[in-house]
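**Q** Pasting a structure here, questions to come.
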Amino acid sequence: MAVIEEKTVNEVKKRIGKALEIVGKFGSVVGFISRVEPAKVSEEERTITIEVPFKEYLESSLKGYCFPIGSFIGILNPLTSTVFLAKVVSVKRSDILAIAGIPAIHTPPSDITSLLTPLTIEVELLTEAKISDEGVIVETPIPAHSPIDPQSPVFKPNPDFIFEMLNLPKEGVDLGNLYVGGIVDDSVNVKLPENILYQHTLIVGTTGSGKTVLLKNTALSLIQNLQNKKPLVIAFDLQGDYMHLNIKNPRLEGEPVFKPVNTLTVILPVTKSFLENYVKPKLLEKLGSLKEVNIAGIVKLFYKTLIEEYFRNTYPEFKVRKAKIAYKPDGSKAYVYAITVEAEITVDNSKSECVVNIVPWSLNFRNIGYEVRNLLPIFSVQAYNLIPRVIDYIKDRHGKLSIGEFTEKILDKTEVRGRLVYNLERDLGLHRETVNHLYRCFSILCQTEILDARLEIEVNGGRYVIVFEEPNYYKLFTETENILVIDLRFVSMFSKSQFTETVVVYRILDRLFAWKNEAFMKGIETRPVFIIIDEAHNYFPQAGGEINKDVVERMVNKITRLGRVRGIGVFFATHTPSDLNDLIIQLTNTKIGLRSEEKVLERIGLKEFRKELELAPEGVGVVKSPALRTHYIMFKSYEPQTYHKTYV
């Protein structure tokens, strides 16, 4: 019996000795699992107590590291050849009198040596993995569940160990660097793999939390890290932030992680008020420069005026090198398709050369037909279903009309038995309330001023018209180099309706899905598309008031559930998820929380991180995703990689 005990003791000594030899591959030893506290692992609890000798504690403190809450700790169990990654959940320092249970007689300062006690740390086990005799991790880390022996060495893990034990994705979109214990570890990158991006992402954060910077950096990361697939990133832009993805950040120290893009393609929705009250007066001022007034001269003045005003409202300082316009003349009328501008943009004496393709955009009611019902989520279910019949009825009687003319025809009346009734009521059997509802909805569409927008110039007795329509979407989605910005700034400034931006967003998304779906049904592979929708609650709200939940959720389903298998990934962002449609929260498998209030975090399932996020610094966030072994990780996003107007 004694021989067996001696062999066992020798084996244990051998294993402990071997562990101390190889533990240095994973990090620096700082302590051991406590001998006085049971090392218990159960379904309910995975908290272990660690003792760090005072010497190691002091040395770490002098280096500025004091085992902060949330930081990582490594453990090597010699008897099972298992390594663990754990997270610090509490730290405790005790005077020798407290440990001995003796009341203090003197007030400090007294015996300084009574401070020379171990640091006690409680850690929550995260993952574990088996190692070889050479100290190599030989299996994919799994959630921790194995026993841990007292006196097992504990170490401050190096970046490679952390990366491997967290099983962090090596490829995909970069979110930033690992953030643990209030410290940024710039040697560990946090990424989301490409496949999880098609299961969609929801980002929440209050003003100043770094949401826009994260989204802009994400756009650049998608382009750079997935460049072999030539992805298209579509950003719906309310503030002009994404228009700066082509400009270097002059205040960024060192080499950027992501470089600015060389070319931007911009959809510029134009409203009637924008053309009439903003562009036209400035164009008329320049009419005197024309030697001969004709449609070609008017078009030339138009694109010069538009470039000048657009760039002045977009870039701090610019110089146009070259510009050209694609248009089709038709007598005294011209159809404008695109304006290509080569320019030099200057910020803080830093110059960036770029190409901006501007595509003026408007809807032609005569062309979109039944699809008009998909532009706004305010048509009732009954009205939505009746619109094709109503359109055909009015078209058969009056031909193709503009949106304004069509709207007025809805209220056409006829006297029947001494009483005026709506023609739609008489001939189609519609209820009077339904006719009034249709008129109200189409009136709202008229107020958006985004349908049938055109610029009319009368000079010297002549009338010249510049017409704006939708682009060839197939060419737009296949030939745009990498970034397509939908610039909504002027829409929000020059419109009488709160729904104008929604009309633009829904139409672009509808045409994108139509292109993707047609290719999918034919078995044709298309480039991946990633959509960035900030302030998503504006476009996909909860049902209530005028909002028809069915129309909202039909669009959400298109771009998420159906878009997933067609190579569409969506990044939704908002600061008020309580106003966001429930379906988006259900269909986004990855949630990212930046600085937010508790109720905001609770809405998206991140309430457990309220202590970390309620007062988090700018750019610090939690990502919760099935792509991560631990399901969540904290990160700090990179500094703005391109010019950011609130940054410089």
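Read-outs throughout are calculated quantities, based only on the coordinates presented, and are distinct from any laboratory measurement. Bear in mind the structure is a predicted one, so any value in this text is a computation, not a measurement. Counting neighbours? That spans all protein chains shown, and the Cβs are built from the backbone with ideal geometry, glycine included.
**Q** Which distance in nm do the two modelled labels at LYS13 and GLN382 give, with both placed 7 Å along the Cα-to-Cβ direction?
**A** With each label point 7 Å from Cα toward Cβ, the separation is 9.2 nm.
**Q** [x] 42.3; [y] 29.1; [z] 33.9: which one is mean projected area of the Cα convex hull in nm² as calculated from this entry?
**A** Read-out from the structure maps to [x].
**Q** May I pose another question? For LEU79 and GLU608, what is the calculated FRET efficiency with R₀ set at 35 Å and r taken between the beta-carbons, to the nearest 0.05?
**A** That gives a FRET efficiency of 0.55.
**Q** Taking the Cβ-Cβ separation of LEU116 and GLU6 as r and a Förster radius of 45 Å, what is the calculated FRET efficiency to the nearest 0.05?
**A** Working from the Cβ atoms, E equals 0.80.
**Q** Mind putting a number on the dipole of segment 12-166 about its Cα centre? Charges go on the C-beta only, +1 for Lys and Arg and -1 for Asp and Glu, and I need it in Debye to the nearest 20.
**A** For segment 12-166, the charge dipole is close to 320 debye.
**Q** Relative to the present Cα-Cα distance, how much length would full extension add between GLU458 and LEU284 at 0.36 nm per residue of separation?
**A** Net length gain for the segment: 61.7 nm.
**Q** Extent of segment 561-615 along each principal axis, from alpha carbon coordinates, in Å, largest to smallest?
**A** Its Cα atoms span 39, 19, 15 Å along the three principal axes.
**Q** Taking the Cα atoms of segment 12-166, what is the range of coordinates along each of the three principal axes, in descending order and whole Å?
**A** So the three principal-axis extents are 55, 34, 32 Å.
**Q** May I ask you to compute the full-extension gain from ASP550 to ASP149, defined as 0.36 nm times their residue separation minus their alpha-carbon distance, rounded to one decimal in nm?
**A** Value of the extension gain: 138.6 nm.
**Q** Still on this structure: Among SER492, TYR393, GLN447, whose Cα lies farthest out toward the positive end of the dipole of segment 387-492, if unit charges sit on the beta carbon of Lys, Arg (+1) and Asp, Glu (-1)?
**A** TYR393
**Q** With r defined as the distance between the Cβ atoms of SER61 and ASN313 and R0 fixed at 45 Å, what FRET efficiency is calculated, to the nearest 0.05?
**A** So the FRET efficiency works out to roughly 0.25.
**Q** In whole angstrom, and with the biggest value first, how far do the Cα coordinates of segment 359-518 range along each principal axis?
**A** 63, 49, 28
**Q** List the lysines whose alpha-carbon lies under 20 Å from that of LYS130, not counting same-chain residues fewer than 8 positions away?
**A** Cα-Cα hits under 20 Å: LYS13, LYS14, LYS18, LYS25, LYS40, LYS87, LYS156.
**Q** Separation between the SER132 and ARG561 pseudo-spin-labels, each 7 Å from Cα along Cα→Cβ, expressed in nm?
**A** Calculated label separation equals 4.9 nm.
**Q** Applying the Karplus parametrisation 6.51 cos²θ - 1.76 cosθ + 1.60 with θ = phi - 60° to the phi angles of segment 522-528, what ³J(HN,Hα) value in whole Hz is obtained for each residue in order, glycine and proline being reported as x?
**A** Rounded to whole hertz, the list is 8, x, 8, 7, 10, 5, x.
**Q** Please rank ARG629, ARG432, fewest neighbouring Cβ atoms within 10 Å first, as an exposure proxy.
**A** Going from least to most buried by this count: ARG432, ARG629.
**Q** Moving on. Dipole magnitude of the chain about its Cα centre, charges +1 at Lys/Arg Cβ and -1 at Asp/Glu Cβ only, in debye to the nearest 20?
**A** It works out to roughly 2020 debye.
**Q** Angle between the Cα long axis of helix 295-312 and the longest principal axis of the chain, 0 to 90 degrees, nearest 10?
**A** Here the helix axis deviates by roughly 30 degrees.
**Q** Next question, about the same structure. Over what distance in Å are the Cα centres of segment 602-648 and segment 512-569 separated?
**A** Centre-to-centre distance over Cα atoms comes out at 25 Å.
**Q** Taking the simple approach of a point 7 Å from Cα along Cα-to-Cβ for both THR630 and ARG35, what is their distance in nm?
**A** Going by the 7 Å Cα→Cβ label model, 3.0 nm.
**Q** Looking only at the chain, where both bridge partners belong to it, what percent of the DSSP beta bridges are antiparallel (to the nearest 5)?
**A** Counting only bridges with both partners in the chain, antiparallel ones make up about 70 percent.
**Q** Then there's this: Run the numbers on the chain and let me know its relative contact order in percent, using alpha-carbon pairs under 8 Å that are six or more apart.
**A** 18 percent.
**Q** Below 11 angstrom from the Cβ of VAL467, what's the summed charge of the other residues (Lys, Arg +1; Asp, Glu -1)?
**A** With Lys, Arg at +1 and Asp, Glu at -1, the net is -1.
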